[in-house]
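Heads up, the thing below is written out as structure tokens.
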Amino acid sequence: MKSIRALLPILLLSSTLVHASSEEAWQKSRQVMAQACINASHLSKVKVLGEPIEYDDNTDYSALLLEGRYAQQHMKNRRGRELCLFQRSSGRASVSEADKLRWVK
């Protein structure tokens, strides 16, 4: 019983350290996703809107809404949106026009 009591503070301390590194890993993963989506975008002056939508591990995808300006001359620098699907296992991003999606604050 004494050995369990002696180990308890160590176990509690180690669980908070694991949580902290896990949060850092999530943040790095989100940065990688945002950069991959921005690189795949067809918009200029593109930025990320809101937070990513994380699907469960069975789908292996996350979604991110992007906003920027259409660079094509006939689009006259109009504002546009794209939906980016990011495959977590491969790091690949695919974008599609999403002007009809509304962003709710």
Go through the range 62-88 and give me each residue that's in contact (Cβ under 8 Å) with a residue 24 or more places away in the chain and within 10 Å of the chain's Cα centre (by Cα). SER62, LEU64, LEU65, CYS84, LEU85, PHE86, ARG88
Going by what's in this entry, would THR16 be described as exposed (fewer than 10 other Cβ atoms within 10 Å of the Cβ), modelled with pLDDT under 95 and either within 25 Å of ARG102 (Cβ to Cβ) or of a type in the set (Ser, Thr, Tyr) (or both)? yes
Subset of the range 40-64 [exposed (fewer than 11 other Cβ atoms within 10 Å of the Cβ) and farther than 22 Å from ARG102 by Cβ]: ASP56, ASP57, ASN58
List pairs: first residue in the range 22-34 and over 13 Å from ALA63 (Cα atoms), second residue surrounded by fewer than 11 Cβ atoms within 10 Å (Cβ to Cβ) and of a type outside the set (A, V, I, L, M) anywhere in the structure, Cβ distance under 7 angstrom, at least six positions apart or on different chains. none
Here are some conditions: (1) loosely packed, with under 15 Cβ neighbours inside 10 Å; (2) touching a strand residue (DSSP E or B) at 6+ places or on another chain (Cβ under 8 Å). GLN87 meets all but one. Which one does it not meet? (1)
Can you run down the residue pairs with Cβ atoms below 8 Å, 6 or more apart or on separate chains, where the first is in the range 89-104 and touching a residue at least 24 places away in the same chain (Cβ under 8 Å) and the partner is among the acidic types (Asp, Glu) and not in a loop (DSSP other than H, G, I, E, B)? VAL95/GLU82; ALA98/GLU82; TRP103/GLU67
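The values are calculated or read from the model by the stated rules, or taken from the named source; none is laboratory data. These figures come from a predicted structure and were not determined experimentally. Heads up, the Cβs are rebuilt from the backbone with ideal geometry, glycines too, and the neighbour counts pull from every protein chain shown.
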